[in-house]
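First the structure, then my questions, so here it is.
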Amino acid sequence: MNLLMVGAGFSCAVIARKYAEQGHKVTVIDSREHVAGNCYSERNAETGVMVHTYGPHIFHTDDKEVWDYVNQWVEFKPYTNRVKTTSQGAVYSLPINLHTINQYFGKTLNPTEAKAFIESQADTAIRDPQTFEEQAMRFVGKDFYEAFFKGYTQKQWGVHPSTLPASILKRLPVRFNYDDNYFNHKYQGMPVNGYTEIVEKILDHENIEVKLNTAFEKSMAEMFDHVFYSGPIDAYFEYQHGRLGYRTLDFKQEIHEGDYQGTAVMNYGDVEVPYTRITEHKYFSPWESHDKTVIYKEYSRLAEEQDTPYYPIRFAGGQGVEQLSQYVALAKKQNKVTFVGRLGTYRYLDMDVTIREAMTVAEKSIKALEEGNAIPAFFVDVA
Ligand code: UDP
């Protein structure tokens, strides 16, 4: 088989490798001048700091196979994401934990007392929280909601949290001990030489050819037996049902002498502060030391036509969300194209889930071929 992979991020890289190892010829194209998609990282020339160019990426997963997969290509070092937030003139620990509770309320509660106290703050009349706001009011109460979530979420999503689904907040744990690890996952770490190297190594195979600065055009498909497409699904169909909504991010980079904030991630809960967070990239590689420091102030806004899409706005009220099913229906009719990844399936995916799905797509599609069947357009339920 002769295959085309559109996009050189994790999705297509993982699929390309599996096919290449089966003896198939694979061409990977990307419109950017580098591989690794939004995971791309590179050393800043002036400071030597490894910078996550498209925003911070922390690898965390419960999936041992995925963890072993990424570790097979490069060396990872232990990294625990610990996030702070500045709100109402003070600095607190996130995700909400016993330290946050005691500090915010000026108390010395133990875990049992803290649980009872937060329950007394919560709006227990809310039986089945549907919105972000209800979820927050039900589980942490008004004070925490307003200090940590309301302003930040308004900035991040551009809408009031009462119009967002509860699922967005469910990403964050609430803990009644002093564990301030942002994630609950079993495996967490950072690649020593950045993420770009992982994707470069995955793609380094005699049956894989990578063409950068190459935008996808429909006519290219004719030269291949099958296409795996990780670009935006609406772009593939030339926006014939309108554009799907995305949030994009603007990063304002600054370089300073010494240290800037003393930690990797500082969120800003107040709506009056225009950015959502500041990331200080040398803290993502705590085993390194640098005299200077690179920071990103992160601003979120609705993506316009020329902007890089980041977060799909996949909920009621999101631009074009009613059209998504039309795009999915169109995509399902394609018999030579499979849609993969965050943009191809219009879902917000963490890196580990992206890799897991790509592994599954590769295995199942190779099996389908071996059995003489066509490769389906989707392997996950994306409707
Ligand atoms: N969030 C918030 N305040 C914070 C951090 C997160 O209100 O200090 C909300 C925000 O709406 C965000 C969601 O919780 O989209 C999920 O947080 P997470 O850190 O998982 O965000 P992501 O990884 O999507 O940037």
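The values are calculated or read from the model by the stated rules, or taken from the named source; none is laboratory data. Note that this is a predicted model, so its numbers are computed, not measured. Don't worry about glycine lacking a Cβ; one is built from the backbone with ideal geometry, like all the others, and counts go over all protein chains shown. Remember, those area values only see protein heavy atoms, side chains included, never the ligands or the DNA or RNA. Shrake-Rupley method; radii C 1.70, N 1.55, O 1.52, S 1.80 Å.
When you scan segment 137-147, do you find a residue that is of a type outside the set (D, E, K, R) and touching a strand residue (DSSP E or B) at 6+ places or on another chain (Cβ under 6 Å), even just one?
yes
Tally time: how many residues in segment 327-350 are part of a helix (DSSP H, G or I) and touching a strand residue (DSSP E or B) at 6+ places or on another chain (Cβ under 6 Å)?
Total meeting the criteria: 2.
Moving on. So, restricting to strands (runs of 3 or more DSSP E) that lie completely within segment 223-317, which ones have at least 2 residues that are open to solvent by 40 Å² or more (accessible area, probe 1.4 Å)?
Fully inside segment 223-317 and qualifying: 246-257, 292-302.
Another one. For the list (1) out of contact with any Asp or Glu (no Cβ under 9 Å at 6 or more places or on another chain); (2) surrounded by 17 or more Cβ atoms within 10 Å (Cβ to Cβ); (3) among the β-branched types (Val, Ile, Thr); (4) in a helix (DSSP H, G or I), I need the number of the one condition that Ile375 fails.
Here Ile375 meets the rest and fails (4).
Here's something else I'd like to know. Could you count how many residues in segment 157-178 are within 19 Å of Tyr92 (Cα to Cα) and out of contact with any Pro (no Cβ under 7 Å at 6 or more places or on another chain)?
The total comes to 3.
Could I ask something else about it? Among all residue pairs at least 6 apart or on different chains, which show Cβ distances below 6 Å where the first residue, located in segment 361-373, is of a type in the set (S, T, N, Q) and the second is modelled with pLDDT of 95 or more and open to solvent by 50 Å² or more (accessible area, probe 1.4 Å)?
Qualifying pairs under 6 Å: none.
Further question on the same structure: Being under 27 Å from Glu304 (Cβ atoms) and open to solvent by less than 10 Å² (accessible area, probe 1.4 Å) is the filter here; which residues of segment 341-370 pass it?
Result: Gly341, Gly344, Thr345, Tyr346.
Moving to a separate point now. Taking the criterion of being at pLDDT 95 or above, under 24 Å from Val35 (Cβ atoms) and open to solvent by less than 60 Å² (accessible area, probe 1.4 Å), would at least one residue in segment 174-184 satisfy it?
no
While we're looking at this one, here's another question. Among the listed residues Phe216, Phe176, identify the single one that is under 30 Å from Arg17 (Cβ atoms) and of a type outside the set (Lys, Arg).
That would be Phe216, the only listed residue that is under 30 Å from Arg17 (Cβ atoms) and of a type outside the set (Lys, Arg).
Still on this structure, please answer the following. For residues in segment 144-160 being without any contact (Cβ under 8 Å) to a residue 40 or more places away in the chain and over 20 Å from the mean Cα position of the chain (by Cα), which is least open to solvent (accessible area, probe 1.4 Å)?
This residue is Tyr145.
I've got another one for you. Restricting to segment 113-131, and then to whatever is in a helix (DSSP H, G or I) and free of Cβ contacts under 8 Å to residues at least 60 places away in the same chain, can you tell me which residue is surrounded by the fewest Cβ atoms within 10 Å (Cβ to Cβ)?
My answer is Ser120.
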